[in-house]
Amino acid sequence: MSVPFAIYSGCALSLCGSRSWQRFLLAALCVMTFIPSGCEKHESTRSDQRPVEVTAVTVTPRDVPLTYEFIAQVQSSQQVNIQARVSGFLDKRVYTEGSMVKEGQTLFLMDQKPFKAQLDQARAALAKHEAALEVARLNLARVKPLTALNALSQKDLDDAIGQFQSAAAAVEGAKAQVEQAKLNLSYTVITSPVTGISSYAQQADGTYLHSSNSQLTTVAVISPTYINFSISENDWLKYRDQVAKGNVVEPDDKVFLAEAVLADGAVYPHTGKVTFADPSFNPRTGTFLIRATVDNPDGRLRPNQYVRVRLKGAVRRNAVLVPQRAVQQTSKGHTVWVVGKDGKAEPRPVTVGQWHENDWFINEGLHGGDQVVVDGVLLVRPGSLLKVSPLSDKTKPDGGGPAANDPEKSASREATGKR
């Protein structure tokens, strides 16, 4: 119970019969009731006129190097299937599964005894045909002069010539059989045609190999390696539109540098280049493939490994950047608060681009010299009088900002690839 009401109640009980006292207390109660209301109205008026303390940045257009980030997958630049070329028994595996193998290194050995026997047989057949060729040559040498003296008929000469040519052809065929037998024997020593990382052995020792189970293992070249990623049609069109407007300048040689970021956030030390762009879109996904080639001498990048790839080389001309926390999203789009000429707050609709570290590219809505409110935006209302302090480096947040942590959102706003 308030004091005026208590006084009024006590007096009313003791002097209820006095009409003058009742009038006095009613007047006093009215005064006590209306005085606070007037003070609150005065206090509210004074608080509305108090300036809102904010920090702001002055827009200064400048050229900014662009970085586009995508989810990518590592792929071997050359993956070779190691297969048996001849049928026979697999003797043994002579490499360590999963190890690095060099070009020409032996991986498997097959049973060579049947193939050595075939080679010896082919060589014997060659010797036989060479002997027959020598007999045919000597016979032809005897027939020719006798035919010239009419001692033998022309038919005898033709037969001798035919026997010699047939023997010569048989010798060539026997030589081919010897070469084939040598090849088959060499195929029993199965080597790696490239230097790369080996896979597991798909056939056990002692298995009889033929056409249906000739696959033995695979060897994947890991240096250089491919990094594949995809760009959607919408992102590609947005990027081409920015290039056509002159907002984005591509590298002089049209080749973007590629930087791989591992799952732990470490940046791979070797930088590659974009070397291939699929000329057609994938009809199922609405994207097209981009490939970067990166040296991988230490083998840290392995086939099918997921990484993030950053493309560098493009430049945003006269870019307008504002801190991300200065941009507010409403039902009608993105908005920032700017400081008007009279020092009052004005909402300004803007068109945003991609993220750049802690800032946001503004495609439309801001110009050089505009002051944009960064801190204190929650207290700002249209027409609020502002007390502006410049945004210092100490007030800027550390770290790379959302763009470094959300590559898909960064890539969805503005994407690129090799032309």
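Below, the figures for the structure above:
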{"read-out": "Percent accessible area from carbon and sulfur atoms, segment 194-332, protein chains only, probe 1.4 Å", "value": "48"}
{"read-out": "Segment 230-281 - Kirkwood radius from inverse mean 1/r over Cα pairs (Å)", "value": "13.3"}
{"read-out": "Note, ³J(HN,Hα) from phi for segment 147-157, Karplus 6.51, -1.76, 1.60, rounded to Hz, x at Gly and Pro", "value": "5, 5, 8, 6, 7, 10, 7, 5, 5, 4, 5"}
{"read-out": "Karplus-derived HN-Hα couplings along segment 322-332 (A = 6.51, B = -1.76, C = 1.60, θ = phi - 60°), whole Hz, x at Gly and Pro", "value": "10, x, 4, 6, 7, 9, 10, 9, 10, 5, 9"}
{"read-out": "For segment 51-106, the fraction of alpha-carbon pairs in successive 10 Å shells from zero, as %", "value": "11, 23, 16, 12, 9, 10, 9, 7, 2, 0"}
{"read-out": "Among 230-236, 141-147, the order from most to least packed when residues are scored by Cβ within 10 Å on average", "value": "230-236, 141-147"}
{"read-out": "Amide H contacts of Val86 (H built 1.01 Å from N, under 5 Å, at least 5 apart or other chain)", "value": "none"}
{"read-out": "Coordinate range along principal axes, alpha carbons of segment 150-213, Å, largest first", "value": "76, 26, 15"}
{"read-out": "Quarter of the Cα convex hull surface for segment 210-254, i.e. its orientation-mean projected area (nm²)", "value": "6.7"}
{"read-out": "In nm, spacing of pseudo-spin labels at Ser280 and Gln180 (7 Å Cα→C-beta vector)", "value": "4.1"}
{"read-out": "Overall dimensions of segment 58-175 as given by Cα atoms, namely Rg and Dmax in Å", "value": "33.1, 118"}
{"read-out": "Sorted largest first, extent of segment 200-300 alpha carbons per principal axis (Å)", "value": "68, 35, 27"}
{"read-out": "log₁₀ of I(q)/I(0) at q = 0.16, 0.26, 0.29 Å⁻¹ - segment 313-355, Debye sum with one point per alpha carbon", "value": "-0.52, -1.01, -1.11"}
{"read-out": "Test item: Cα-centred dipole of segment 120-217, Lys/Arg +1 and Asp/Glu -1 on Cβ, debye", "value": "200"}
{"read-out": "Given Lys92/Lys116; Lys341/Lys387; Lys113/Lys175; Lys128/Lys182; Lys92/Lys113; Lys102/Lys273, the pairs whose alpha carbons are separated by over 24 Å", "value": "Lys102/Lys273"}
{"read-out": "Thr96-Gln165 FRET efficiency (beta carbon distance; Förster radius 45 Å; 0.05 resolution)", "value": "0.25"}
{"read-out": "Other-chain or far-sequence residues with amide H under 5 Å of Thr287's (modelled H)", "value": "Asn282"}
{"read-out": "Dimensionless Rg/Rh of segment 172-248 - Kirkwood Rh, Rg from C-alpha atoms", "value": "1.37"}
{"read-out": "Under the Karplus curve 6.51 cos²θ - 1.76 cosθ + 1.60, θ = phi - 60°, whole-Hz ³J(HN,Hα) for segment 302-307, x wherever Gly or Pro sits", "value": "10, x, 6, 6, 8, 9"}
{"read-out": "Distance histogram for segment 266-365 (every C-alpha pair counted, 5 angstrom bins, percent rounded to whole numbers)", "value": "2, 9, 14, 13, 12, 13, 12, 10, 6, 4, 3, 1, 0"}
{"read-out": "Nonlocal amide H pairs with Leu152, under 5 Å, H built at 1.01 Å", "value": "Thr147"}
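The values are calculated or read from the model by the stated rules, or taken from the named source; none is laboratory data. What you are looking at is a predicted structure, and each value in this text was computed from that prediction instead of being measured. Methodologically, a virtual Cβ is constructed for each residue, glycine included, from the backbone with ideal geometry; neighbour enumeration extends over all protein chains shown. For accessibility, only protein heavy atoms count, side chains too; no ligands or nucleic acids. Shrake-Rupley method; radii C 1.70, N 1.55, O 1.52, S 1.80 Å.
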